[in-house]
Structure formats: C-alpha cells, structure tokens
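One structure below.
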Amino acid sequence: MSAHHILQELLSLANAERAAFLQGFFKTGKGQYAEGDVMLGITVPVMRDIVKHAPAMPLSEVQALLDSKYHEARLVGLLLLVRQLKKAKKPEQKEIFDFYLQNARRANSWDLVDASCRDIVGAYLLDKDDRSVLYRLAESDNLWEQRIAIVSTWTFIKYGQLDDTIRLAVKLLANKHDLIHKAVGWMLREVGKKDRDTLIKFLEKHHSKMPRTALRYAIERFLPEERAYFLDL
C-alpha cells in the first residue's frame, strides 16, 4: 500500500458535516493557530484501523502523507511512524526519530503532536543520557516544536523519570501561548500522579509565575481546599 492508496481511502471516507465541525474545533480560521488546515471529517478510530492494516512503508511514502494538506493524512503518517518505531531495531529507530524531528512542523496541531511525540521522541530518548534536543525544541520559535518538547516527557514520567519534565516546565513558564500552558500543566499533573511531593515542591516555588491555565491543569486532581490554596496564594 502506498501513500496514494491511503490518501484515496481517506478521501473516500470524508464526511463534510463532521469536517465543518472540526474546522472550528481545531481553530483553522484566519489568524488562529491551525490557520488553513483542511479536515476530511474522519474519526480517529477509523484512522487507527487504517494504520493497523497498512504494511510497513518506506519513509519516502510517509513523507508524502506528512506533506498532505489534509489533517487526517498527516495524522495517519505520524501514526505509521509510531507503529514502525515500536517494531524497529536500534538503527532504524534512530532513522525514524531523526525523520520525525525533521518533520516536526508538519505535526501542526495539538492532536498531531500528542498522538505521536511521546511514542517517538519520548520512547527513543527514554534510555538515552543526552536529551538536549528537548531543550532545543523548547527554545524553538515554533509552537508545535515547543509542545513536542514537553509532551514527549510523558513517556519519562511513566517510568518515574521526572527531572526533564520539571526543567522543561520551568523553561516554558514564560511562554505566551495557551496550548503550551495547557501542555505544561498537563505534564505537571502527570508528575503529581507519580510523585505528589515533587509536584507540590514545584508549585510552592513557581505558582506565582505560572500562567493561570497551567496552574489549573496542574492542580486538577487536588482536593477543593488544596486547589483554593494555590489559586489564592
């Protein structure tokens, strides 16, 4: 199966009514964060089923999907990379990791980032000492690369490795975009699930500098009186 065949299948499944709703939901209007993105209106389970039944594809074919104007085609391409990295041996994993980073700006919506980065960037870096690429991404001028930096640490959190999440959260506290505030707060909440004391320590030190959205996400699982404490400090 080629990228062309997958694209034809996606086009055959297009749903105009759902696409119109998604155009608004994903902020594709003029001046919005996903300006110009084009939706086909296909559900994620359907796309995951396409990926499940697709054979392994050369990266050149995946590139064709990532270059598509259609949101769903890019998501399928990213999910194919996730699947291929999980099955790949070490040398091929590095190739997929590098390919993903080269195309990071093609993951140009929060759902595309969140569906792919932890299982590619996070998974690849899990056993690596050098994670400097995450800090370079956090310093990027590109919203999606910044989000990749923090959300990729979700994999580290799963295995109790919390330091990079904390350091990146500090680095991104001054970021101006709501999608980064949400991602930082979300990852801090995940840290709290693993180690509540680490989250409390972070909040005690940084709550006054945190964007309100990030703070609310981080303390979402706290008791009402605990949330009030940090919100009212």
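When the criteria are applied in full, ALA174 meets the requirement of being over 20 Å from GLN102 (Cβ atoms) and outside any helix (DSSP H, G or I).
No other residue among GLY192, GLY185 is assigned to a helix (DSSP H, G or I), outside the structural domain of ALA34 (by TED's automatic domain parsing), in contact with a Leu (Cβ under 7 Å, 6 or more places away or on another chain) and more than 23 Å from ARG136 (Cβ to Cβ) apart from GLY192.
Checking each residue in the range 24-44 for being among the polar types (S, T, N, Q) and either surrounded by 18 or more Cβ atoms within 10 Å (Cβ to Cβ) or not assigned by TED's automatic domain parsing to the domain that holds VAL76 (or both) picks out only THR28.
Would you mention how many residues in the range 202-233 are surrounded by fewer than 15 Cβ atoms within 10 Å (Cβ to Cβ), farther than 28 Å from GLU145 by Cβ and either of a type in the set (Lys, Arg) or touching a Ser or Thr at 6+ places or on another chain (Cβ under 6 Å) (or both)?
Step one: filter the range 202-233 for residues surrounded by fewer than 15 Cβ atoms within 10 Å (Cβ to Cβ), giving 204-205, 208-209, 212, 220-221, 223-226, 228-229, 231-233.
Subset that is farther than 28 Å from GLU145 by Cβ: 204, 221, 223-226, 228-229, 231-233.
Right, trim to either of a type in the set (Lys, Arg) or touching a Ser or Thr at 6+ places or on another chain (Cβ under 6 Å) (or both) and you get 221.
Here the count works out to 1.
Is it the case, given these coordinates, that ASP127 is under 21 Å from LYS209 (Cα atoms), over 15 Å from the mean Cα position of the chain (by Cα) and not basic (Lys, Arg)? When the stated conditions are applied, ASP127 does not pass them.
Selection within the range 12-34: residues that are among the aliphatic types (A, V, I, L, M) and without any contact (Cβ under 8 Å) to a residue 24 or more places away in the chain. The member of this set that is farthest from ALA73 (Cα to Cα) is ALA20. Within the range 47-91, the residues that satisfy the criterion of being loosely packed, with under 14 Cβ neighbours inside 10 Å and part of a helix (DSSP H, G or I) are ASP49, LYS52, HIS53, SER60, LYS86, LYS87, LYS90, PRO91.
Restricted to the range 8-22, and to residues that are among the small types (Gly, Ala, Ser) and within 9 Å of MET39 (Cα to Cα), which residue is surrounded by the fewest Cβ atoms within 10 Å (Cβ to Cβ)?
First, pick out the residues of the range 8-22 that are among the small types (Gly, Ala, Ser): 12, 14, 16, 19-20.
Restricting the remaining residues to those that are within 9 Å of MET39 (Cα to Cα) gives 14, 16, 19-20.
Values: ALA14: 14, ALA16: 9, ALA19: 17, ALA20: 12.
Once the filter is applied, the top-ranked residue is ALA16.
Within the range 195-218, the set of residues being closer than 17 Å to LEU162 by Cα and not in a helix (DSSP H, G or I) comprises just one member, ASP195.
The values are calculated or read from the model by the stated rules, or taken from the named source; none is laboratory data. Here the structure is a predicted model, which is why all the values come from computation and not from measurement. Neighbour counts are summed over all protein chains in view; Cβ atoms, including those assigned to glycine, are modelled from backbone coordinates with ideal geometry.
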